[in-house]
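Have a look at the structure below, then the notes.
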Amino acid sequence: MVDQEKHPLVSIPSSLAGKRVCIVCPDAYPLLNASVAKASSSGAGGAEAQLSTIGLALARVGLDVHFIVADCGQAEQVEVGGVTAHRATFRYMGGSKKYVLPDWLRLWRILRRIRADYHLIKVPRHLLFLLGLFCRVHGGHLILIGQKDSDLVESIIRSNEGAKGWWLYVVGMRFVSAVAAQTEVQRLGFQKMFGKDAVVIRNVLTLPDDNDIRKENYVLWAGNSSDDKQPHLVLELARALPDVQFRMIMTLTLRRNDDSFIRDQLSTLPNLEYLGAVPFGEIAGHYKHARLFISTSKCEGFPNTFLQSWQYRTPVVSLLVDPDGVIERHNLGRLSGSLENMVAHIRELYDAAALCDKLGDNSHRYAYEYHSLESAVNGYRNLLAGLDRQR
């Protein structure tokens with residue numbers, strides 16, 4: 001995680017001092033507790049890195065921050081890094097649905113124990129309904145933080161989660177007091193779909209500051225195994241560029257928990273190094289030394305992987321995703337649009353170290369100018385203060 005002590009933050013208004021914030025983020029505990037993070041290689045991803053970083057920072061400026069997290073073998077309530085982590089159970093997620101009611105009842109009891117003024121959630125989205133109902137009964141504001149652009153496409157949600165998932169989302173959104181969008185595209189989407197006036201608060205840098213960056217000749221892909229990420233395309237790229245070295249890091253998801261579609265083909269692809277899942281505490285070195293980062297995703301919000309790359313001067317070659325057009329506008333890599341173009345772009349930059357270094361400098365400058373922790377904390381401070389004034 002980013003060294004937060006190096007980032008002086010703005011103070012909060014006196015009206016917010018001591019106010020209680022509850023962040024619901026099941027897979028966040030390994031990122032809050034360094035000892036667990038070193039032993040963990042699954043679950044936590046971009047959403048968890050963002051919420052952990054923001055939650056720890058909000059605690060530093062004087063808010064009373066609580067996390068509700070899944071069971072990692074920790075005590076029921078743990079003080080860590082200036083925040084309080086409460087152990088819940090989410091057995092129904094990836095397990096039997098018979099656990100929905102007992103898990104939700106336990107979560108409700110934890111929410112009653114915390115009695116937060118503000119409740120923040122990014123994923124899982126279906127919990128909006130339960131959190132909204134709690135806020136309606138017991139008080140407090142509910143804040144949704146945008147995740148993927150596809151969360152604003154009804155047909156995709158219905159296809160992935162069915163009518164019940166769509167219903168929970170729509171009803172949950174009626175309880176939401178405020179929305180923090182990652183991009184201008186998301187802001188407009190929340191307005192069009194739900195009539196919610198979202199505020200844009202950009203994602204923050206989550207890896208340690210480090211200027212000791214020495215590039216090696218490999219192309220990095222990192223993500224999860226979901227269909228949206230299209231990890232199978234890495235195999236096609238490696239076949240098309242046999243003299244380019246690829247490194248692949250992939251976390252399995254509940255929907256796709258088998259990586260044999262990658263492992264079974266490694267013997268025919270000597271230029272593809274597959275590492276599987278890597279603990280968050282070890283991920284920085286892979287970004288730091290990569291010549292390029294590639295994204296094969298169909299849909300994202302503002303990818304944490306892009307920021308992690310740019311933070312360490314690594315340009316991005318993206319197949320389809322360019323959040324708010326920043327790659328092209330700030331010259332941070334290449335937006336390909338097709339697999340054929342992507343092959344050409346990887347070849348172009350892999351063979352041109354000077355050009356890659358120039359794009360890397362642009363990337364580093366952009367990341368620190370637009371995605372600082374200070375700017376995001378200021379955005380949440382203003383958001384919470386605005387809700388406080390509405391009471």
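No value in this document is a laboratory result; all are computed from the given coordinates. Everything numeric in this text was worked out from a predicted model, so none of it was measured. Methodologically, a virtual Cβ is constructed for each residue, glycine included, from the backbone with ideal geometry; neighbour enumeration extends over all protein chains shown.
Quick notes on this one:
- The tail of the calculated P(r) for segment 7-117, taken as Cα-Cα distances beyond 17 Å, holds 55 percent of the pairs.
- Each of G139, A44, A116 was placed along the dipole of the chain (beta-carbon charges, centred on the mean Cα), and the one lying farthest toward the positive end is G139.
- Radius ratio Rg over Rh of segment 91-239, counting only Cα atoms, Kirkwood formula for Rh: 1.04
- Here's how it looks for R334: its modeled amide H is under 5 Å from those of V316, V317, S318, which are all 5 or more places away or on a different chain.
- Under the combined filter of DSSP loop state and at most 14 neighbouring Cβ atoms within 10 Å, segment 137-243 retains these GluC sites (Glu not before Pro): E216.
- Farthest towards the positive end of the charge dipole of segment 219-370, among the residues F302, F246, Y368, is the Cα of Y368, using unit charges on the Cβ of Lys, Arg, Asp and Glu.
- Axis of helix 154-175 versus longest Cα principal axis of the chain: the two differ by about 30°, to the nearest ten degrees.
- Using only side-chain charges placed at the Cβ, +1 for Lys and Arg and -1 for Asp and Glu, the dipole size of the chain relative to its Cα centre rounds to 1540 debye.
- Stokes-Einstein D (µm²/s) once Rh is taken as the Kirkwood radius of the chain over alpha-carbon pairs, at 4 °C in 1.567 mPa s: 60
- Counting DSSP beta bridges with both ends in segment 42-113, the antiparallel % (nearest 5): 50
- If you plug the beta carbon distance of E348 and S155 into 1/(1 + (r/R0)^6) with R0 = 41 Å, you get a FRET efficiency near 0.70.
- Counting every pair of alpha carbons in segment 219-370, the share spaced more than 28 Å apart comes to 12 percent.
- Peptides 222-234, 203-215 ordered by average Cβ neighbours within 10 Å, highest first: 222-234, 203-215
- Annotation: amide H-H contacts under 5 Å for A277 (H modelled 1.01 Å from N, sequence separation of 5 or more, or interchain): M250.
- Euclidean distance between Cα centres, segment 305-376 to segment 267-288, Å: 19
- Here the Karplus curve 6.51 cos²θ - 1.76 cosθ + 1.60, taken at θ = phi - 60°, turns the phi angles of segment 134-144 into couplings of 4, 5, 5, 7, 10, x, x, 9, 10, 10, 9 Hz, with x standing for Gly and Pro.
- Angle between the chain longest axis and helix 100-114 axis [Cα atoms, degrees, rounded to 10]: 70
- When you filter the trypsin sites (Lys or Arg not before Pro) in segment 115-149 for DSSP loop state and at most 13 other Cβ atoms inside 10 Å of their Cβ, you are left with R115.
- Per-selection metrics, segment 138-216 (Cα): Rg and Dmax in Å: 16.5, 55
- Over the chain, relative contact order from alpha-carbon pairs under 8 Å, at least 6 apart, %: 17
- The chain: angle of helix 353-370 to the longest principal axis, Cα-based, in degrees nearest 10: 10
- Tensor-based shape of segment 184-265 (alpha-carbon gyration tensor, a/c under 1.5 rounded, otherwise prolate or oblate): oblate
- Per-residue Karplus couplings for segment 91-97, computed as 6.51 cos²θ - 1.76 cosθ + 1.60 with θ equal to phi - 60°, are listed in order as 5, 6, 7, x, x, 5, 6 Hz, Gly and Pro entered as x.
- Computed on the Cα trace of segment 314-368, the radius of gyration divided by the Kirkwood hydrodynamic radius gives Rg/Rh = 0.96.
- Shape category assigned to segment 63-127 from the gyration tensor of Cα positions, a/c cut at 1.5: prolate
- With a threshold of 19 Å on the Cα-Cα distance, the over-threshold entries among K148/K196; K215/K298; K97/K164; K122/K196; K148/K298; K148/K215 are K215/K298; K148/K215.
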